[in-house]
Structure formats: structure tokens, C-alpha cells
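We did not get these values from a lab; they are worked out from the coordinates using the rules stated. Here the structure is a predicted model, which means the values were calculated and not measured. All Cβ positions, glycine included, derive from the backbone under ideal geometry; neighbour counts span all protein chains shown.
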Amino acid sequence: MSAPAAVAAAAAGALALPAAAVGQPAARPHDRAVVISDVQYDSPGRDDRSNWSLNKEWVDVTNTARRAVNLDSWTLSDEAGPTYTFRLDGRSTVRVHTGEGRDRRADVYQDRRNYVWNNDRDTATLRNDHGRFIDDASLGYRDRDNDDRGHRGGHRH
């Protein structure tokens, strides 16, 4: 598989219902190897909407398997609904930045001009190409196993 690259960006809501509730197929074995490994919800410094500030807001997605996983139609979304679609090689991590930039092997850019992640409370959700929940990371929810530091939060599996 080629280096990670943005293949589409769209503003669409992510369905919050369990996959079984909407008749979607079960997760494939390789789906469980892909996780949200870290999140920076609040970019350091002043939120001035500069490209530098937007790109300091990011989500790391990691493939722990040896084989590459085609994530062409997988989505990463926040609670408000914006989604981003991308690809990921085997045994690698890609950092998905909010702002504009040139996609590289370990960094891809959503090319947005507004922040995606809320600084005080939000959830990054990863879904496969069938819309099935794969992983999430949350900030600001005390009812989930969460470190409340703006990085890796709780899981639902």
C-alpha cells in the first residue's frame, strides 16, 4: 500500500447507534488492530485559527498488525459530525492534523480552517468502511476511564 494519503474529506455526521442496531456486519479481525492511540484536543497556546495552531490539534491512529489495512472508506469524526477519510500502512501510526499541509507517510492533513476538537469535552470516533465502531478516545467525560489531560481517553469495544 502507498503512504497514507487523504482520499476524501466531507462534513457528515457519524451515526452513534451500535452497528448491530442498524444491521451492519461484524468487525473484521484486522479492524481490531487499528486504534486511536493518542489525541491532542487542545492545541498549545492561543486558539487563533492560524494553520500552526490548527495543526497542533491532532489524532494518532495506529495499525498494530503486520499487514496494511485499507482504510480508504474509514472515518474519523468528532461529536459534532465532521469526518475525515484516510489510509494506513501496516505497523504504523499516522497523525491526522486538523489544518492544512502536505500529506506524508506519518502525517496527513484534513485541510480545515476551523478547529474540529472541542477543548473541554469531545470524543474522537473511528469507524470502518461499513460504519461499524472501531475505537474512540474521549476528553472531559468523568463517567469514562479517561485521563482528562487532552490525550488518550476511554475505550468502548
Interchain or long-range residues, amide H under 5 Å from S92's placed H: N63
Cα gyration tensor shape of region 79-128, rounded if a/c is under 1.5, else prolate or oblate by comparing a/b with b/c: oblate
Spacing of the two label points (7 Å from each Cα toward its C-beta) at R104 and D120, in nm: 3.6 nm
Spin-label pair D72/D47, simplified geometry with 7 Å Cα→Cβ offset, distance in nm: 3.6 nm
